[in-house]
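Colleague: My questions will all concern the structure given below.
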Amino acid sequence: MNQSIDNRHHRRRFLKRAAAVAGGIAAAPYVITSTALGGEGRPPASQRITTGYLGTGPRGLLNIREQLSCPQAQVVAVCDVWKPVRQRAKGVVDAHYKNADCKMYVDFRDLLARDDIDAVGIASPDHWHVPMTIAAARAGKDVCTEKPLGVSVAEDLRCREMIHRYDRVFQYGTEARASAACRLGAELVRNGKIGEIREIRVKAPNSVPGGSRTAKPVPKELEYDLWLGPALWRPYSGCPDNGNRWFHVYDYALGFIAGWGAHPLDLLQWSFDTHLAGTWEVEGTGAIDPAGANDAVRNWDVSIRFSGGVKMSYWATGVPKQEEPRLARLGNYAQLIGTEGWVAVYYASMMCDPPSLQSSVLGPDDVRLPVSQGQERNFIECVGTRQTPVSHIDDAVHSDIISHISDIAIRSGRKITWDPIKEEIIGDEAASRMLTRAIRRPWQL
């Protein structure tokens with residue numbers, strides 16, 4: 001795909017408007033509104049990126065509000081399997097534009113079938129992230145997908161394949177790469193300001209136990225079978241009611257080892273190429289609640305040894321660890337320790353030692369990372385320019401795989417050897433089968 005977004009879609013919109021004008025000439029004059037003409041820094045309607053949103057709960061609605069603040073974007077559709085949730089999202093969009101034009105959908109496939117939509121955002125439950133992303137790519141839409149990526153390594157790899165095959169713009173919704181402090185921290189590491197990397201330490205918020213398995217009537221406002229989608233069928237027990245319930249159920253997510261861990265792991269990947277550090281030896285411990293619905297791993301404590309010589313620790317809050325005192329109070333961070341100091345990047349900020357590193361001046365030949373003004377704004381800009389967003393699909397896969405291999409090591413109870421170049425587990429057929437998940441028919445990737 002070599003054409004710009006303008007060339008790709010202007011002809012389509014021109015033909016549609018021309019047909020509408022031709023059909024209405026005899027009945028009424030064609031009125032051009034001030035909104036259509038743009039103004040005040042907003043391009044005319046024909047030059048805006050039209051978007052739809054799949055999954056409009058709290059996270060999705062936050063992203064929608066950010067898109068509404070982008071002059072180049074026009075949100076035209078929302079989709080959610082919960083009726084009150086999609087109605088609320090439509091209300092927010094319509095109130096912003098002062099009209100009633102935003103369309104609501106229950107089934108995401110109906111939204112994707114619209115040829116007037118350029119791009120979609122996805123903030124569905126985790127088990128839908130990759131299936132929806134792939135469906136959007138096949139439908140010719142650019143995609144901004146919330147973290148984490150897939151519920152298996154196989155999903156991650158398939159998602160990357162399809163994004164590249166269909167030449168789609170993809171933004172990973174980890175947000176913190178828009179932070180100037182995080183960007184500086186990553187640049188300090190990549191430019192050798194802390195010397196040679198010896199050790200990596202990553203902490204993330206813990207998953208929670210509990211959850212009910214008691215069957216209940218399905219609420220009339222919920223399309224439950226569509227909420228389940230590719231996940232294995234089980235009776236409704238209240239799990240879809242909010243993220244605090246399904247976040248920690250293994251059928252729908254990996255828990256916070258991926259869901260929250262995606263933030264510091266993404267910043268780690270921005271700072272250091274884990275996939276180029278040699279073969280991994282991964283082992284770890286964790287707890288799985290045997291009684292409640294929440295069967296995601298919690299209290300994880302994982303060690304990774306890269307054959308290139310770097311060692312890494314990844315643990316959940318609450319697991320006893322000797323931490324740098326300044327970092328111990330934080331709920332998440334990725335600390336990279338070198339021979340001449342350390343840098344810790346965490347949600348929208350950073351620390352370092354020696355402190356003088358913060359005033360480092362990078363030269364014209366130093367590595368400089370891309371600048372983002374915000375997750376949604378960067379995505380919309382890249383849809384228009386066809387440039388690569390700051391949080392691209394390749395880094396999304398590399399960072400998400402850390403969560404998956406950690407989870408597999410814990411669940412298998414043994415050391416896992418991972419080849420990050422071939423992207424396969426070495427010498428363990430049983431563990432290799434855990435790289436994939438069953439998908440309920442008729443859904444497929």
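Colleague: Return yes when Ala334 is modelled with pLDDT under 95 and either in contact with a helix residue (DSSP H, G or I) (Cβ under 6 Å, 6 or more places away or on another chain) or under 26 Å from Ser207 (Cβ atoms) (or both) and no when it is not.
Modeller: When the stated conditions are applied, Ala334 does not pass them.
Colleague: Same structure again: Considering Ala430, Ala396, which residue is of a type in the set (Gly, Ala, Ser), loosely packed, with under 15 Cβ neighbours inside 10 Å and in a helix (DSSP H, G or I)?
Modeller: Ala430
Colleague: Collect the residues in the range 203-226 that are at pLDDT 95 or above, basic (Lys, Arg) and surrounded by 13 or more Cβ atoms within 10 Å (Cβ to Cβ), keeping them in residue-number order.
Modeller: Lys203
Colleague: Being among the hydroxyl-bearing types (Ser, Thr, Tyr) and in a helix (DSSP H, G or I), is that true of even one residue in the range 104-121? Walk me through it before giving the result.
Modeller: Taking the range 104-121 as the starting set, the residues that turn out to be among the hydroxyl-bearing types (Ser, Thr, Tyr) are 105.
Going one step further and asking which of them are in a helix (DSSP H, G or I), we end up with none.
Within the range 104-121 (the criterion being among the hydroxyl-bearing types (Ser, Thr, Tyr) and in a helix (DSSP H, G or I)), the answer is no, since none of the residues qualifies.
Colleague: A follow-up question, please. Looking at Trp270, Trp246, can you tell me which residue is under 26 Å from Asp366 (Cα atoms), among the aromatic types (Phe, Trp, Tyr) and under 18 Å from the mean Cα position of the chain (by Cα)? Step through it out loud before you land on a result.
Modeller: Numbers: Trp246 fails: under 26 Å from Asp366 (Cα atoms).
Criteria check complete, one pass: Trp270.
Per-residue answers, yes or no, for (1) within 23 Å of the chain's Cα centre (by Cα); (2) within 25 Å of Gln322 (Cβ to Cβ):
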| position | (1), (2) |
| --- | --- |
| Glu187 | yes, no |
| Gly192 | no, no |
| Gly195 | no, yes |
| Ser207 | yes, yes |
| Gly210 | no, no |
| Glu221 | no, no |
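Colleague: Quick one: count up the residues across the range 299-322 that are in a loop (DSSP other than H, G, I, E, B) and basic (Lys, Arg). Outline the logic, then answer.
Modeller: Step one: of the range 299-322, the residues in a loop (DSSP other than H, G, I, E, B) are 307-310, 317-322.
Filter again for basic (Lys, Arg), leaving 321.
The total comes to 1.
Colleague: Out of the range 191-228, which residues are farther than 30 Å from Val85 by Cβ and in contact with a Pro (Cβ under 9 Å, 6 or more places away or on another chain)?
Modeller: Correct list: Val202, Lys203.
Colleague: Take the residues in the range 128-148 that are in contact with a Phe, Trp or Tyr (Cβ under 8 Å, 6 or more places away or on another chain) and outside any helix (DSSP H, G or I), then tell me which one is surrounded by the fewest Cβ atoms within 10 Å (Cβ to Cβ).
Modeller: Step by step, filter the range 128-148, then rank; the result is Gly140.
Colleague: When you go through Trp270, Trp300, Trp246 one by one, which is the residue that is within 30 Å of Arg368 (Cβ to Cβ), of a type in the set (A, V, I, L, M, F, W, C) and surrounded by 19 or more Cβ atoms within 10 Å (Cβ to Cβ)?
Modeller: Trp270
Colleague: Another question, then. Is there a residue being crowded, with 23+ Cβ neighbours inside 10 Å, closer than 25 Å to Tyr250 by Cα and at pLDDT below 95 anywhere in the range 165-174?
Modeller: Among the residues of the range 165-174, at least one is crowded, with 23+ Cβ neighbours inside 10 Å, closer than 25 Å to Tyr250 by Cα and at pLDDT below 95, which makes the answer yes.
Colleague: Residues in the range 273-284: is at least one out of contact with any strand residue (DSSP E or B) (no Cβ under 6 Å at 6 or more places or on another chain), touching a residue at least 60 places away in the same chain (Cβ under 8 Å), within 16 Å of Glu199 (Cβ to Cβ) and not in a loop (DSSP other than H, G, I, E, B)?
Modeller: yes
Let's see how each residue does on (1) touching a helix residue (DSSP H, G or I) at 6+ places or on another chain (Cβ under 9 Å); (2) under 12 Å from Ile401 (Cα atoms); (3) among the polar types (S, T, N, Q):
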| site | (1), (2), (3) |
| --- | --- |
| Asn242 | yes, no, yes |
| Phe247 | yes, no, no |
| Leu254 | yes, yes, no |
| Ile257 | yes, yes, no |
| Gly261 | yes, yes, no |
| Leu265 | yes, yes, no |
| Thr274 | yes, yes, yes |
| Gly278 | no, no, no |
| Glu281 | no, no, no |
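Colleague: Say we look at the range 227-243 and pick out the residues that are touching a Gly at 6+ places or on another chain (Cβ under 8 Å) and in a helix (DSSP H, G or I); which of these is surrounded by the most Cβ atoms within 10 Å (Cβ to Cβ)?
Modeller: Cys239
Colleague: Related question: Of the residues in the range 175-202, how many are small (Gly, Ala, Ser), surrounded by fewer than 17 Cβ atoms within 10 Å (Cβ to Cβ) and touching a strand residue (DSSP E or B) at 6+ places or on another chain (Cβ under 6 Å)?
Modeller: Final tally of qualifying residues: 2.
Colleague: Listed residues Ala258, Ala296; which is among the small types (Gly, Ala, Ser), over 30 Å from Gln87 (Cβ atoms) and assigned to a helix (DSSP H, G or I)?
Modeller: On the way: Ala296 fails: assigned to a helix (DSSP H, G or I).
So the residue among Ala258, Ala296 that is among the small types (Gly, Ala, Ser), over 30 Å from Gln87 (Cβ atoms) and assigned to a helix (DSSP H, G or I) is Ala258.
Colleague: Can you name the condition, by its number, that Met350 falls short on among (1) closer than 30 Å to Pro43 by Cβ; (2) in contact with a Ser or Thr (Cβ under 9 Å, 6 or more places away or on another chain)?
Modeller: Unmet condition: (1).
Colleague: Still on this structure: Please go through the range 220-263 and pick out each residue that is of a type in the set (D, E, K, R) and in contact with a Lys or Arg (Cβ under 9 Å, 6 or more places away or on another chain). Please lay out each step first, then the result.
Modeller: Of the residues in the range 220-263, the ones of a type in the set (D, E, K, R) are 220-221, 223, 225, 234, 241, 245, 251.
Correct list: Lys220, Glu221, Glu223, Arg234, Asp251.
Colleague: Condition test on Thr417, is it surrounded by fewer than 20 Cβ atoms within 10 Å (Cβ to Cβ) and assigned to a strand (DSSP E or B)?
Modeller: Here the answer is yes, as Thr417 does meet what is asked.
Colleague: Need at least 1 residues that are surrounded by 19 or more Cβ atoms within 10 Å (Cβ to Cβ), touching a residue at least 60 places away in the same chain (Cβ under 8 Å) and within 20 Å of the chain's Cα centre (by Cα) per element, so show me which strands (runs of 3 or more DSSP E) inside the range 323-385 make the cut, counting only ones lying wholly within it. Give the steps one after another, and end with the answer.
Modeller: Details: elements: 333-338, 341-346, 349-353.
So the answer is 333-338, 341-346.
Colleague: Okay, moving on. Tell me which residues, restricted to the range 50-71, are out of contact with any Gly (no Cβ under 6 Å at 6 or more places or on another chain) and not in a helix (DSSP H, G or I).
Modeller: Thr50, Thr51, Gly52, Leu54, Gly55, Thr56, Gly57, Ser69, Cys70
Colleague: Condition test on Ser406, is it without any contact (Cβ under 8 Å) to a residue 40 or more places away in the chain, small (Gly, Ala, Ser) and assigned to a helix (DSSP H, G or I)? Spell out how you get there, then give the answer.
Modeller: Details: without any contact (Cβ under 8 Å) to a residue 40 or more places away in the chain: no; small (Gly, Ala, Ser): yes; assigned to a helix (DSSP H, G or I): yes.
Answer is no for this residue.
The values are calculated or read from the model by the stated rules, or taken from the named source; none is laboratory data. As the structure is a computational prediction, the values presented were derived from the model and not from experiment. So basically every Cβ, Gly included, is an ideal-geometry build from the backbone, and we count neighbours across all protein chains shown.
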